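The values are calculated or read from the model by the stated rules, or taken from the named source; none is laboratory data. Keep in mind it's a predicted model, so treat the numbers as computed, not measured. As a convention, Cβ positions derive from the backbone with ideal geometry for all residues, glycine included, and neighbour counts pool all protein chains shown. Calculation scope for accessible area: heavy atoms of the full protein, side chains included, ligands and nucleic acids excluded. Shrake-Rupley method; radii C 1.70, N 1.55, O 1.52, S 1.80 Å.
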Amino acid sequence: MVTGQAPGQDWQPAPLGEVAALFSKTAAPWWIAGGHAIELATGLSFREHHDIDVLVLRRDQLAVQEVLAGWQWWAADPPGNMRPWQPGELLPVGVHDVWCRPTVSAPWRIQVMLDEAEGDEWVSRRDRHVRYSLADLGAVSEAGIPYLRPEVQLYYKAKQPRPKDAVDFAAVLPLLDARERAWLVQSIGSTYGPHPWIEQLGE
């Protein structure tokens, strides 16, 4: 198995429309994640993005290779060390980050995140007690693009919030209803303990 740092770290994230066109070819569920998901939830574009994330369930991971056939796929294994993802290879639990680009000389275009599921539930890779119905895990934008629900995306971002995560939190907070806030408060508290976002979610 080839290991080592992936050559080149330059990113030129694919536009949302291009990503949607590529992943619409699979019957497997997928969702735009990261900051783009927050913007899709708000219906506004309010900050720059240096990559674009697509969430796919681990059990559907080979759909990524089918959708991006002919591309280069590099997996973070372990995190911080990149290696080629071989055709047909099933990435194990713990390997959940894949960088994708169309050719060896092209900048990286899409980042795929692999997440866990049991039956009809999404299961957090950080805390197995944190779960969400797969049927409700995402929403669909007016343009028909599926995206990760903002409370689930904020749960990820709460681990070590960066300035851009604080911007995303502030932008989408007014849109969260009581149920979504309660789920996020419980999930953040369960996984991370005391957190500055919890008080704001209760206001």
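Give me the 1.4 Å probe accessible area per residue for the chain, excluding ligands and nucleic acids, in Å².
Ligands and nucleic acids excluded, the result is 48 Å² per residue.
Mind checking the angle between helix 163-172 and the chain's longest principal axis? C-alpha axes, 0 to 90 degrees, to the nearest 10.
Long axis of 163-172 versus the principal axis of the chain: about 60 degrees.
Report, in debye and to the nearest 20, how large the dipole of the stretch 1-147 comes out about its Cα centre when Lys and Arg carry +1 and Asp and Glu carry -1 on their Cβ.
With only Lys, Arg, Asp and Glu charged at Cβ, the dipole is about 260 debye.
Seen from all sides and averaged, what is the projected area of the convex hull of the Cα atoms in the chain, in nm²?
Its Cα hull, projected and averaged over all orientations, spans 11.2 nm².
Ignoring ligands, DNA and RNA, please state the percent of accessible area on the stretch 1-160 from carbon and sulfur, probe 1.4 Å.
On the stretch 1-160, the fraction of accessible area on carbon and sulfur atoms equals 54 percent.
Compare the Cα positions of ALA76, SER187, ILE38 along the charge dipole of the chain (+1 at Cβ of Lys, Arg; -1 at Cβ of Asp, Glu; about the Cα centre) and return the one farthest towards the positive end.
Of the candidates, ALA76 comes out farthest on the positive side.
Given the DSSP H assignment, sum -39500 (n - 2.57) over each helix run of at least 4 residues in the chain and divide by its residue total; what's the result at 222 nm in deg cm²/dmol, nearest 500?
Rounded to the nearest 500, the figure is -9000 deg cm²/dmol.
Straight-line reach only, C-alpha to C-alpha below 17 angstrom: list the aspartates and glutamates that LYS164 could link to, leaving out same-chain residues fewer than 8 apart.
The qualifying aspartates and glutamates are GLU39, GLU48, ASP51, ASP53, GLU151.
Run the dipole for the stretch 12-75 about the Cα centre, Lys and Arg Cβ at +1, Asp and Glu Cβ at -1, nothing else charged, and hand back the magnitude in debye, nearest 20.
Roughly 180 debye, rounded to the nearest 20.
With labels modelled as points extended 7 Å from the Cα through the Cβ direction, what inter-label distance (nm, one decimal) is found for GLU89 paired with ASP60?
2.3 nm
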